[in-house]
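Report on the following structure.
The values are calculated or read from the model by the stated rules, or taken from the named source; none is laboratory data. Not measured: the values here are computed from a predicted model. All Cβ positions, glycine included, derive from the backbone under ideal geometry; neighbour counts span all protein chains shown.
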Amino acid sequence: MSIPISQPLISVLVVDDDPAFRKGLTASLKASGYAVDLSRNAEDALSYVRERPVDVVLLDMNMPEIGGVEACQRIRAMAPRSGIIMLTVRDAEDDKVQALEAGADDYVTKPFPLRELIARMRAVLRRTGADAGLPIPVLRVGQLELETEHRMLRKAGREIHLSPKELELLTFLMRHKDIPVTHARLLRAVWGLEYGNESDYLRSYIKTLRKKIEDDPSRPGYILTEPWVGYRLRDPSDPDSSTADPDRDGDGDDDL
């Protein structure tokens, strides 16, 4: 029987006028253990911050009407303890200085690897003190126990070494336990928004991951193939969780 997953501890507000970018970044951050809310423009973001606390604001610099720089100034005035990271497609030195002078803690240029963004967020959180004394989030499914902060996996108490991508892939699946996840969604959540059609690439990682966590990789009990869709992670000891044919793979697709 699985133990409920710890609730996300750090709150993040994503402010961007691009729906696809908002959706993809939100899914990736939630998979990494953050509580995420969305604002489609600066006006919504200002209303949000006015009504509730938030640990980190990820703020697009180029938005219509109220721009990112003005929004940053106003959010900083309302929420002096919140971290603010500006996101932009421009990498000019003047833009960076303008963002920092407006009160931003950091500046990240699109496109960016998710790991880089999370590292910047953690650095901001250390400066603001938002992560002080927080317990370590742990995911548990069957005999698997994954400490997300220390990036450590154990099976029945025995530590298992995973590569960074294997760990991110398993983390996403564990956070979506018993839910079929499409190839495209996994690729975009783990490798980035520019991925989505590399099913063979994903299949090779799943094969390697099964060799490390399954009792019998040829008859997987944790990571099941959902034919023509993707993969689903289950608790092998749960009698209510059905099995699937590990040798059948499909090419299902959807948006992250």
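General remarks:
- Entirely in region 1-90, the strands (runs of 3 or more DSSP E) that have 1 or more residues that are touching a helix residue (DSSP H, G or I) at 6+ places or on another chain (Cβ under 9 Å) and of a type in the set (D, E, K, R): 35-39, 56-60
- Note on region 203-256: residues that are farther than 20 Å from Trp191 by Cα and either of a type in the set (A, V, I, L, M) or modelled with pLDDT of 90 or more (or both) total 17.
- Taking the numbered list (1) buried (at least 17 other Cβ atoms within 10 Å of the Cβ); (2) touching a strand residue (DSSP E or B) at 6+ places or on another chain (Cβ under 6 Å) in turn, Ala31 passes all entries but (2).
- Total residues in region 176-198, condition buried (at least 19 other Cβ atoms within 10 Å of the Cβ) and either at positive phi or of a type in the set (S, T, N, Q) (or both): 2
- Selection of region 61-80 for residues being crowded, with 21+ Cβ neighbours inside 10 Å, over 8 Å from Ala42 (Cβ atoms) and of a type outside the set (A, V, I, L, M) yields only Cys72.
- Ile84 modelled with pLDDT under 80, of a type in the set (A, V, I, L, M, F, W, C) and within 30 Å of Leu187 (Cβ to Cβ): no
- Whichever residue in region 142-152 is within 21 Å of Leu29 (Cβ to Cβ) and at pLDDT 85 or above and, among such residues, is surrounded by the most Cβ atoms within 10 Å (Cβ to Cβ): Leu146
- Hits in region 73-112 - residues which are over 11 Å from Met61 (Cα atoms), of a type outside the set (Lys, Arg) and touching a Leu at 6+ places or on another chain (Cβ under 9 Å): Ile75, Met78, Ser82, Gly83, Ile84, Asp106, Pro111, Phe112
Residues checked against (1) hydrophobic (A, V, I, L, M, F, W, C); (2) outside the structural domain of Leu29 (by TED's automatic domain parsing); (3) in contact with a strand residue (DSSP E or B) (Cβ under 7 Å, 6 or more places away or on another chain):
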{"residue": "Gly83", "(1), (2), (3)": "no, no, yes"}
{"residue": "Ala102", "(1), (2), (3)": "yes, no, no"}
{"residue": "Pro111", "(1), (2), (3)": "no, no, no"}
{"residue": "Arg115", "(1), (2), (3)": "no, no, no"}
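- Considering only residues in region 171-183 that are within 22 Å of Phe112 (Cβ to Cβ) and modelled with pLDDT of 85 or more, the one that is nearest to the chain's Cα centre (by Cα) turns out to be Phe172.
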